[in-house]
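Colleague: Below you'll find the structure I mean.
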Amino acid sequence: MNIAMPPVSELIVAALLLLSGVVVLAAAVGLLRLRDFFLRMHASALVATLAAWIVTLASIVHFSVRSGGLALHVWLITVVLAIATPVTTLVLARTALFRRRQAGDALPPPLSGRTGS
């Protein structure tokens with residue numbers, strides 16, 4: 001069944017997708033401007049999550065209008081991303097710290113103020 005979408009909903013979906021693109025562009029600028037790997041990693045993880053939520057909202061609007069009812073099946077993608085992005089960020093951070101230790105580079109101080117036990 002091919003149901004045409006009303007122009008208002010098409011404009012909403014297009015605006016949300018453009019907003020997501022602007023958010024990702026801001027992340028790209030942040031990757032170029034931030035000086036440290038950890039800052040770049042943090043900024044890109046946050047922005048990727050925000051952009052994914054915006055695209056999910058656009059998808060919900062699109063599929064809800066086309067089907068005539070509330071379509072929430074797209075949330076599954078966002079839930080997976082909400083779990084995978086922080087885990088990936090943590091693994092990348094630990095790997096970078098390990099490589100710095102192996103290279104003998106100066107490490108940032110621990111958050112608790114202790115030097116270890």
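Colleague: Yes or no: Val91 modelled with pLDDT of 90 or more, of a type in the set (Val, Ile, Thr) and over 30 Å from Ser9 (Cα atoms)?
Modeller: Numbers: modelled with pLDDT of 90 or more: yes; of a type in the set (Val, Ile, Thr): yes; over 30 Å from Ser9 (Cα atoms): yes.
Judged against the criteria, Val91 is a match.
Colleague: Kindly provide the set of residues from region 36-88 that are modelled with pLDDT of 85 or more, over 18 Å from Val13 (Cα atoms) and surrounded by fewer than 12 Cβ atoms within 10 Å (Cβ to Cβ), ordered by number.
Modeller: Listed by number, the residues that qualify are Leu76, Val79, Val80, Ile83, Ala84, Val87.
Colleague: If you don't mind, another one. Given Val8, Val23, Val29, which one is surrounded by 15 or more Cβ atoms within 10 Å (Cβ to Cβ) and aliphatic (A, V, I, L, M)? First the steps, then the outcome.
Modeller: Numbers: Val8 fails: surrounded by 15 or more Cβ atoms within 10 Å (Cβ to Cβ); Val29 fails: surrounded by 15 or more Cβ atoms within 10 Å (Cβ to Cβ).
Being surrounded by 15 or more Cβ atoms within 10 Å (Cβ to Cβ) and aliphatic (A, V, I, L, M) holds for just one of Val8, Val23, Val29, which is Val23.
The values are calculated or read from the model by the stated rules, or taken from the named source; none is laboratory data. Just so it is clear, the structure is predicted and the values come from calculations on it, not from any experiment. Neighbour counts are summed over all protein chains in view; Cβ atoms, including those assigned to glycine, are modelled from backbone coordinates with ideal geometry.
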